[in-house]
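Report on the following structure.
The values are calculated or read from the model by the stated rules, or taken from the named source; none is laboratory data. A quick note: this is a predicted structure, and the numbers were derived from the prediction, not measured. All Cβ positions, even for glycine, are placed from backbone atoms using ideal geometry, and neighbour counts span all protein chains on display.
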Amino acid sequence: MSFLFITSIVLFSLGAISGFFFRRDPKAAQMTSLGFAIAASLAGAIFSLSALAAPAPFEISFSSVFSAPLFSFFVDRLSAFFILLTSAAGVIVSIFAFGYLAHGKYSAARTALLGFLYNLFLCSMILVAAADNIITFLIVWELMSILSYFLVTYEHEKSENLKAGFLYIVMTQVGTVFLMTAFFFLFRETGSFQFSDFRAAGALLPELVKNIVFASALIGFGMKAGLVPFHIWLPEAHPAAPSHVSALMSGIMIKIAVYGFLRFIFDFMGGEVVWWWGLLVLGAGALSAVTGVLYALMEHDLKRLLAYHSVENIGIIFIGLGSAMLFAAFRYDALVGLALTAGLFHILNHGIFKSLLFLGAGSIGRAIGSYDLEKMGGLAKKMPFVAVFFLIGVMSITALPPFNGFISEWLVFQGLLYNLMIAGLAVKITVVVSIALLALAAALALACFVKVFAIAFLALPRSDIARQAKEASVSMRVAMFFLAFLCVMFGVFPFIGLSLIAPVIDEFHLSNSVESGLFFIFPDRYLSTAISPPAVLAIFIGLVAVIGVAAMAIWGRHQKRKSPTWACGRAIEPRMEYTATGLAMPFRLMFAGIYRPTHNIERETLDGTGYLVKTVRYEEKIEPLFEKYIYRPIVWAVETASAGARKIHTGNINLYLGYILATLVLLLLIFV
Amino acid sequence: MNEILLSIFIVLLQGGLLILGAPLVRGLIRVLKARLQNRKGPPLFQSYFDLIKLFQKESVASHNSSFIFQIAPWIIFGATASSALFLPVIFRFSPLWFSADIILIVYLLALATFFMALSGLDAGSAFGGMGSSREMMIYSLSEPATILSIFAVAYSAGSTNIANIVEYFFANPSALFTVGNIFAFLALFIITLAENKRVPVDNPATHLELTMVHEAMILEYSGRQLALIEWASALKLTIFFVLLANIFFPAGLIGALSLGGILFALVVFALKIGILAAMVALVEGSIAKLRLFRLPDFIMIAFALAFIALISGFFM
């Protein structure tokens, strides 16, 4: 089996360099690098499936392969689950990229560079999930961060991309510092670099060290995952990358951070969770869910909006994990599996539908050359396939039945319901608040995606570019079809997706309380709650058919006619339509305390008169709360400190020698 | 074999009663409201006449509209009608208990809301946009309150399965009259008004006003499509009534099949729905519609009640 893993890595590496052999032909460069990416991802997918399906936890150590003993890899089922997610997305996104990148705008060298970064980026995510010691983990983790930085700044002509990239790299490096802290303490306590020695160290660690490791891991991985308040880079960086890479970053990379967190909590700590950890994770998740969607509502750039929804969904995932940690802390062993399954299933589902939505956004961007919602409109007629796939993605992310998002959100709600059974008022009240915030986030997400879908796809085109939009190419449609198909399959037959998660739950020696079959899904076999998505779908179709046929039998065929929209006697024009800004207006007023909106109206009137209005310009801004109250002060402190430190840097070499001497004397005085 | 037939009979009886009886509930509220205002009001069965008339008429769609406009009425109707099948109406259970719990029912209704809001924006007229925007605002305010009040009763019963909840309260009548339950009932009643666009949230009697919400969204619909949407909205109101009546007052629901029992349960059910209809009519007859931006205050009352309902359950 290790053969497949190595094959996958070798293929990725070949894909990375292959592009550079075609110096004159960007098309060939792109074809080969994407071809290798698909082959490598397929190998990775088969490898991870077999690792998941193996009856006993499937372990392979690759230490012997690499001569340096510092590098070692290990794939258990938790790793396999995330490798599967990455490589499956790798296959589908690469298929999409064939059509998406076929615009021929980039030179051969640039195309080759993209192929290089893209292949290695996919490979690095797989390696992070497989890393088995501190050194390996940190190296591949940094590799992933730096490669994704270069992908974010790939279109470096745009200065905002450079800015986004800078913010991203700073944040991600700060996150790594926290991870190093966590690893340092684990190393100090166990005296080993190997993950296998950390296993179940939770019971042995002193309380304080345990808390420090937890806090560092939460901040470090939370930063990469985009957990509030560490999310500010995410809506800047994810949209800056080319759309197929955005899909990987939002769909997969932030989940790799969740993988790291899971590895720490349920593997290294062995589920030895302190009760307030669960509360903190639950609270941070709930806060992320609401914050993400609130800012998404105000955002009218499609890709940035989707990035904010990643913050929301990471929040939902962390709610699931927090819920599981609460069960673990209070020894409700039978229910840890339920909440953890909910979290893992949402990871899987979000990976699917967020990739789908980003690919849809990429198709629109390719067709009209803009991601501004206000410039779209009427695309359902111009790009019917993209419209249907995008609609499925929208209904999945908003957790509407019968799509996959509903099932995982339902499981999260079930976990929270049983969290209420835990004694302790602090726990109960936090859980109640989380339930309310999750419900609010879900409802606001529905409102937000009504805005997205209606403004982008329905009614009249709002601009000339939207009027000339063309359907996406075949490879793009095929990729989106696969993802949409998965959304439906995992929604109607959730046992398919849950069967990928059950082995992971088993591995942690948790009772797998979620029982699912072809027709049913029970959150816990002892509780008589159940849903049956296929039955509901059948009832739905049956009822519609009965009413449709009955109406036809009694009153005849449904007569239909087309006619212009009534606009009070005038011909309807795009500028009469409701805009995204208008649609979100009630929310801006309702949550004015959070948004602190300011707006500016400029009127230009006809010369001489004050009344005949020629043009009106409306501009609105919302105040970025986290940036202003958390990050501004930090930046200010750093700048002030460095300005102070600069005073002693005069550039005079004698003075520097003096500093060295003084330091030496000082150290000698202290230590000798 | 017999059991399957029996189950089908129970599903058809309960579901058919709700789906076919829903327009009557709407008619009843209209008549009661008219009497309160010293008017004679329309006939009790006017809603049925309207629906029958609409089913025979042709549907006109805008040139600008897409496939969403065509499929939305069917999805709205289908989602609402399927959620009606999972409710205990005259029995304490539904043979379909395994297929949907109360959260799924709420999300099926959300599915209908989603398509309603999309279809409002599909024709490109500003009226539809206004309606959809307001609908989503009201929905996102009331949703947390809905979930919390559901969790309040689900917490008591230890399950989100609606048959379990009803069975629990039927077996423990003393659990019904706790502070938590009364608050949860009041919260769900306010949500019923908000979600079904009744006064003081929206005026169902209005048409072509700038303040309308529901009517604005369905302005472009006509003929059979309009009939489906109107039927679905009557059904949605009835579903909320059934939740209010049968969760909080499960008395009169029967556990076994007998002709006398069914008749008895039907009478009790009609009585409960009649009382709820009278309550809605009383609210509509006595208070005025609120301004749009006063609505958050009104719905926050429901949220606060539901929050207290759930918290107070911990001290019982």
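Can you find a residue that is part of a helix (DSSP H, G or I), of a type outside the set (Phe, Trp, Tyr), surrounded by fewer than 23 Cβ atoms within 10 Å (Cβ to Cβ) and within 14 Å of chain A (Cβ to nearest Cβ) anywhere in the range B:242-263? No, the conditions are met nowhere in the range B:242-263. What tally of residues in the range A:261-302 results from selecting those that are of a type in the set (Val, Ile, Thr), under 21 Å from the mean Cα position of the chain (by Cα) and over 30 Å from A:Glu619 (Cβ atoms)? Counting residues in the range A:261-302 that are of a type in the set (Val, Ile, Thr), under 21 Å from the mean Cα position of the chain (by Cα) and over 30 Å from A:Glu619 (Cβ atoms) gives 2.
Set side by side, the residues B:Phe185, B:Phe177 differ, and just one is part of a helix (DSSP H, G or I) and either within 14 Å of chain A (Cβ to nearest Cβ) or out of contact with any strand residue (DSSP E or B) (no Cβ under 6 Å at 6 or more places or on another chain) (or both), which is B:Phe185. In the range B:47-76, the residues that are closer than 12 Å to B:Glu220 by Cβ form Cβ pairs under 8 Å with partners that are charged (D, E, K, R) and part of a helix (DSSP H, G or I), at six or more places apart or across chains, as follows: B:Ser59/B:Arg224; B:Ser62/B:Asp122; B:Asn64/B:Asp122; B:Ser65/B:Asp122; B:Ile68/B:Asp122; B:Phe69/B:Asp122; B:Ala72/B:Asp122; B:Pro73/B:Arg224.
For the range A:297-315, the candidate set comprises residues that are touching an Asp or Glu at 6+ places or on another chain (Cβ under 7 Å) and crowded, with 24+ Cβ neighbours inside 10 Å; within that set, the residue that is nearest to A:Gly415 (Cα to Cα) is A:Tyr308.
Matching residues to (1) away from chain B (no Cβ under 14 Å); (2) of a type outside the set (A, V, I, L, M, F, W, C); (3) within 22 Å of B:Ser132 (Cβ to Cβ); (4) in contact with a Lys or Arg (Cβ under 7 Å, 6 or more places away or on another chain):
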{"residue": "A:Pro586", "(1), (2), (3), (4)": "no, yes, yes, yes"}
{"residue": "A:Ile594", "(1), (2), (3), (4)": "no, no, no, no"}
{"residue": "A:Asp607", "(1), (2), (3), (4)": "yes, yes, no, no"}
{"residue": "A:Glu627", "(1), (2), (3), (4)": "yes, yes, no, no"}
{"residue": "A:Thr640", "(1), (2), (3), (4)": "yes, yes, no, no"}
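Among residues of the range A:550-575 being touching a residue at least 40 places away in the same chain (Cβ under 8 Å) and not in a helix (DSSP H, G or I), the one that is nearest to the other protein chains (Cβ to nearest Cβ) is A:Ile572. For the range B:1-54, filtering for residues that are within 19 Å of the chain's Cα centre (by Cα) and hydroxyl-bearing (Ser, Thr, Tyr) leaves 2. Restricting the search to the range A:107-156, which residues are surrounded by fewer than 18 Cβ atoms within 10 Å (Cβ to Cβ) and part of a loop (DSSP other than H, G, I, E, B)? A:Ser107, A:Glu155, A:His156 - these are the residues of the range A:107-156 that are surrounded by fewer than 18 Cβ atoms within 10 Å (Cβ to Cβ) and part of a loop (DSSP other than H, G, I, E, B).
Annotation: B:Ile150 fulfils all but one of (1) under 30 Å from B:Ala288 (Cβ atoms); (2) touching a residue at least 60 places away in the same chain (Cβ under 8 Å); the unmet one is (2). Scan the range A:425-456 for residues that are more than 7 Å from chain B (Cβ to nearest Cβ), over 16 Å from A:Trp410 (Cβ atoms) and crowded, with 24+ Cβ neighbours inside 10 Å and jot them down. Listed by number, the residues that qualify are A:Val431, A:Cys448, A:Phe449, A:Lys451, A:Val452, A:Ile455, A:Ala456. The set of residues in the range B:77-95 being more than 7 Å from every other protein chain (Cβ to nearest Cβ), within 25 Å of A:Ile541 (Cβ to Cβ) and in contact with a Phe, Trp or Tyr (Cβ under 6 Å, 6 or more places away or on another chain) consists of B:Ser94 alone.
Would you mind stating whether A:Glu623 is more than 14 Å from every other protein chain (Cβ to nearest Cβ) and not in a strand (DSSP E or B)? Yes, satisfied.
When the criteria are applied in full, B:Met316 meets the requirement of being surrounded by fewer than 17 Cβ atoms within 10 Å (Cβ to Cβ), under 21 Å from B:Ala145 (Cβ atoms) and touching a Ser or Thr at 6+ places or on another chain (Cβ under 9 Å). Between A:Ile539, A:Ile547, the distinction of being aliphatic (A, V, I, L, M), out of contact with any Ser or Thr (no Cβ under 7 Å at 6 or more places or on another chain) and facing another protein chain (nearest Cβ under 7 Å) belongs to A:Ile547 only.
Of all the listed residues (A:Gly270, A:Gly251), the sole one being under 17 Å from A:Ser396 (Cβ atoms) and in contact with a Lys or Arg (Cβ under 9 Å, 6 or more places away or on another chain) is A:Gly251. The single condition among (1) within 20 Å of the chain's Cα centre (by Cα); (2) modelled with pLDDT of 95 or more that B:Lys289 does not satisfy is (2). Just one residue in the set A:Gly582, A:Gly569, A:Gly658 is at positive phi and out of contact with any His (no Cβ under 8 Å at 6 or more places or on another chain); that residue is A:Gly569.
Restricting B:Ala123, B:Ala100 to residues that are over 30 Å from A:Ser463 (Cβ atoms), touching a Ser or Thr at 6+ places or on another chain (Cβ under 9 Å) and of a type in the set (A, V, I, L, M, F, W, C) narrows the list to B:Ala100.
Applying the criterion of being out of contact with any Leu (no Cβ under 7 Å at 6 or more places or on another chain) and small (Gly, Ala, Ser) to the residues of the range A:377-425, the residue that is modelled with the lowest pLDDT is A:Ala423.
Can you find a residue that is among the hydroxyl-bearing types (Ser, Thr, Tyr) and touching a Ser or Thr at 6+ places or on another chain (Cβ under 8 Å) anywhere in the range B:192-215? Within the range B:192-215, none of the residues are among the hydroxyl-bearing types (Ser, Thr, Tyr) and touching a Ser or Thr at 6+ places or on another chain (Cβ under 8 Å).
Only residues that are over 30 Å from A:Val228 (Cβ atoms), in contact (Cβ under 8 Å) with a residue 12 or more places away in the chain and among the β-branched types (Val, Ile, Thr): list them for the range A:586-639, please. Result: A:Ile601, A:Thr615, A:Val616. Candidates B:Tyr168, B:Tyr155: the one that is out of contact with any strand residue (DSSP E or B) (no Cβ under 6 Å at 6 or more places or on another chain) and at the interface with chain A (Cβ under 7 Å from one of its Cβ atoms) is B:Tyr155.
Looking only at residues of the range B:124-147 that are out of contact with any Leu (no Cβ under 8 Å at 6 or more places or on another chain) and small (Gly, Ala, Ser), we find that the one that is farthest from the other protein chains (Cβ to nearest Cβ) is B:Ser142.
So, in the range B:101-123, of the ones that are over 22 Å from A:Arg588 (Cβ atoms), crowded, with 24+ Cβ neighbours inside 10 Å and small (Gly, Ala, Ser), which residue ends up nearest to the other protein chains (Cβ to nearest Cβ)? Among residues in the range B:101-123 that are over 22 Å from A:Arg588 (Cβ atoms), crowded, with 24+ Cβ neighbours inside 10 Å and small (Gly, Ala, Ser), the one nearest to the other protein chains (Cβ to nearest Cβ) is B:Ala123.
Exactly one residue out of A:Leu537, A:Leu510, A:Leu543 is of a type outside the set (D, E, K, R) and buried (at least 22 other Cβ atoms within 10 Å of the Cβ), and it is A:Leu510. Answer yes or no: is there a residue in the range B:86-97 that is surrounded by fewer than 24 Cβ atoms within 10 Å (Cβ to Cβ) and either in a helix (DSSP H, G or I) or without any contact (Cβ under 8 Å) to a residue 60 or more places away in the chain (or both). No: the range B:86-97 contains no residue that is surrounded by fewer than 24 Cβ atoms within 10 Å (Cβ to Cβ) and either in a helix (DSSP H, G or I) or without any contact (Cβ under 8 Å) to a residue 60 or more places away in the chain (or both).
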